[in-house]
Amino acid sequence: MKSNLEKSALKVMEGIEQPAPINPRFVSGKRTVAVNQPASWYVDGIRNDDRSILSRAITLVESSLPAHYQLAQEVIEACLPFSGQSVRIGITGVPGVGKSTFIEAFGSRIIQKTGKKLAVLAIDPSSQRTKGSILGDKTRMEKLTNNPNAFIRPSPSAGSLGGVAQKTRESIILCEAAGYEIVFVETVGVGQSETEVHGMVDFFLLLMLAGAGDELQGIKRGIMEMADAIAINKADGDNKPKAELARREYANALHLFPPPDSGWIPQTNTCSAYTGDGIPEIWNMIDAYISETKQNGYFDQKRREQSKLVMLGNIERNLKNGFFQNYQIKSMLPMVQEKILKNEISAYKGAELLLETYFKSKDIGKR
């Protein structure tokens, strides 16, 4: 006698084989560092525009492993004489403003008009829990990714509050040494300390949306003060009148700020990365800014000031790394943390004990 299931007209399909949980192409193409190669191997590859070696060099620079530090510094030092000839443009904006879409349209326009090589350093936010990052900008810029004159490098912010990766400045040097004449730095979005991007670029472009609430409260004043231009994106279709209204409101707000040291009057524009409207005008505006600031000397002055910031930033980062890599601090830190959790000592006292131990180990406190 047949069972009820065999008598039924319904038939259970066997289904299809499920794909592997890990893409084998990703595993085979993951970022690697060629530690067995000398600095000259990296530099020669970078100078010959070998994108694979350029990517590996950036991975080397971004590495937090002490074993990679010395080699990374040798590569950077060797590339310095070939850097500094590009135009560095910082692009930031509120989440959802369409930064990646804008960069693809804007970058494609620049390459088409000028024939120059473009590097895009796109910074993705890192998870505070897993420290991971999606790094999906290359998939969002498919057209620009396939352009032979464009190089796109997504990097994790790795906990940096400045909205940029900790080694973005060094990555800029490597891209310039590879012959890229325009460098975009796309940040993770407007945040409390986003202004760090201003300290590494020549032109700071702020993207905004219309109709997203009170226009003048939608962004921190400090970032607006440093913007060389504000562009209202997605100015197409029914949103075009709203974008124009927002542009006028931002233009009025910028007039309330003190005049910048550059002598440049910050401008406001509307644009649509979807239709391409307003994109050429933004490049013309940036070109005019570069010409004006080079003539009045501000361009070179700002580059010199940025070099000082790089030095101070490296001192701060190396002191922090040296502190936590110190063997005495490594062994003492868990004990101090445990005492703080048990309220046996205060957090301030714990920090004092750790610093005192560190300075003694370095024989600094006796001086």
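The values are calculated or read from the model by the stated rules, or taken from the named source; none is laboratory data. Computed from a predicted structure; not experimentally measured. Reconstructed Cβ throughout: ideal geometry from the backbone, glycine too, with neighbour counts over all protein chains shown.
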Inset, instruction - Identify, by number, the condition in (1) of a type in the set (Ser, Thr, Tyr); (2) surrounded by 15 or more Cβ atoms within 10 Å (Cβ to Cβ); (3) closer than 18 Å to VAL120 by Cα that TYR42 doesn't meet. - result: (3)
Legend entry - Any hit, segment 317-326, residues being assigned by TED's automatic domain parsing to the domain that holds ILE103, in a helix (DSSP H, G or I) and either surrounded by fewer than 12 Cβ atoms within 10 Å (Cβ to Cβ) or in contact with a Lys or Arg (Cβ under 6 Å, 6 or more places away or on another chain) (or both): no
Inset, instruction - Starting from segment 152-177, keep only residues that are assigned to a loop (DSSP other than H, G, I, E, B), then list their pairs with residues that are at pLDDT below 90 and among the charged types (D, E, K, R) whose Cβ atoms are within a distance under 6 Å, requiring at least 6 positions of separation or different chains. - result: GLY162/GLU196; GLY163/GLU194; VAL164/GLU196; LYS167/GLU62
Inset, instruction - Among what's in segment 108-127 and is at pLDDT below 90 and crowded, with 20+ Cβ neighbours inside 10 Å, pick the residue that is nearest to the chain's Cα centre (by Cα). - result: ILE123
